[in-house]
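In what follows, a single structure is set out as structure tokens and then discussed.
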Amino acid sequence: MRPLSQPGKNRQRSRYVLLVITLLTITIITLDARGVPMISSARDSSRDALAPVRGAARWVTTPFRNAWNGITGYDELREENEKLRSELGQDTANAMREQNAQEELSKLKEQLNISFLGSTQSQIARVTSGASSNFSDYTVEIDKGSELGLAVGNPVVTKGGLVGRIVRVTKRRSVVQLITDPDFSVGVTVGADQNQGVGHGTGNTRTFIVDRGIDLTDEVQTKDSVFAGGIENSIMPPDLFIPIGTVDKITPDEAARVQVLQVNYTVQFGRLDVVQVIKWVPAS
């Protein structure tokens, strides 16, 4: 049976070992500072021997270092993200502005070259209110007025044809009565034979009615074009043929001895935006 170890002797032995290690450490540090080759070699060997331990320690502490770096670098990362978002937002806004500018330019170009106007003086304008598929009072407002030479009675058109005419004007604004108004009557010419009649709006944006002047014997067919103008003493210029639409249906009225023409508009009233105002007023 082995004798039991004495606690006092163990403590003395531990102190002795610690003292020896301390003295050796001081000696090694002193010799290393003086550049003794043997110590340098031993130092290198100890580094190699302890490399796995250091690697393991580094592996263990890496998550904590990364977490610390993430915490200390958060503000910088947030600023960078905000900068990127700002730049992206600016690029998007610029792209949208450019797209809108291209669309506006396209609309203007479309209304600048209206073939049926010829060399007639006109003023381009934009619809500022009332542009809808349903009009409660059959009027729209445009952003040009008397300071640019506009006057009551001026016809208003788009590339598609007749929109209406100005019924009220101020210095910088004008109100246009639409041809869709049932109270809007205008002289028309129909088809290749240029049969003359009188038509009016029906209150909707699809149909115009010609119910006077087209005799039962006049040659009229569906798909014939219907124009405003080309008639003396009319509210439209006599030397212009402004499209209204095409004949969709023909109904003989035996009692009135006329043909009633149902006409589909060529203007898209639900998409009114840029228009042209013809600088012409009727004689009366």
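The distance between label points at Ser284 and Asn264 comes to 3.8 nm (points 7 Å beyond Cα on the Cα→Cβ vector). Taking other residues whose beta carbon is less than 10 angstrom from the beta carbon of Gly197, and scoring Lys, Arg as +1 and Asp, Glu as -1, yields -2.
With the gyration tensor restricted to C-alpha atoms of region 121-278, the semi-axes of the equivalent ellipsoid amount to 28, 16, 12 Å, longest first.
Selection among Phe241, Gly153, Val210 by position relative to the dipole of region 121-278 gives Gly153 as farthest towards the positive end (Cβ unit charges, Cα centre).
Among 237-244, 152-159, 216-223, the peptide with the highest mean count of other Cβ atoms within 10 Å heads the list, and the full ranking is 152-159, 237-244, 216-223. If you model region 224-281 as an ellipsoid using its alpha carbon gyration tensor, with each semi-axis the square root of five times an eigenvalue, the axes come out at 25, 18, 8 Å, biggest first. Rounded to the nearest whole Hz, the Karplus-based 3J(HN,Hα) values (6.51 cos²θ - 1.76 cosθ + 1.60, θ = phi - 60°) of region 233-246 follow the sequence 6, 10, 7, 10, x, x, 9, 10, 10, 9, x, 10, x, 10, with x at glycine and proline. Under 5 Å between amide hydrogens, built in the peptide plane, is the criterion, and for Ser234 it picks out nothing among residues at least 5 positions away or on other chains.
About its Cα centre, the dipole of region 121-278 is roughly 780 debye, where the only charges are +1 on Lys and Arg Cβ and -1 on Asp and Glu Cβ. Counted by Cβ distance under 12 Å from Arg173, the other residues give a net charge of +2, where Lys and Arg count +1 and Asp and Glu count -1. Summarising the amide proton neighbourhood of Lys144: residues at separation of 5 or more, or on other chains, whose placed amide H is nearer than 5 Å comprise Arg126, Ser174.
Taking one quarter of the surface of the C-alpha convex hull of region 139-194 gives a mean projected area of 4.6 nm².
Every read-out reported here was derived from the displayed coordinates using simple, explicitly stated rules and does not represent laboratory data. Here the structure is a predicted model, which means the values were calculated and not measured. Glycine also receives a Cβ, built like all others from the backbone with ideal geometry; neighbour counts cover every protein chain displayed.
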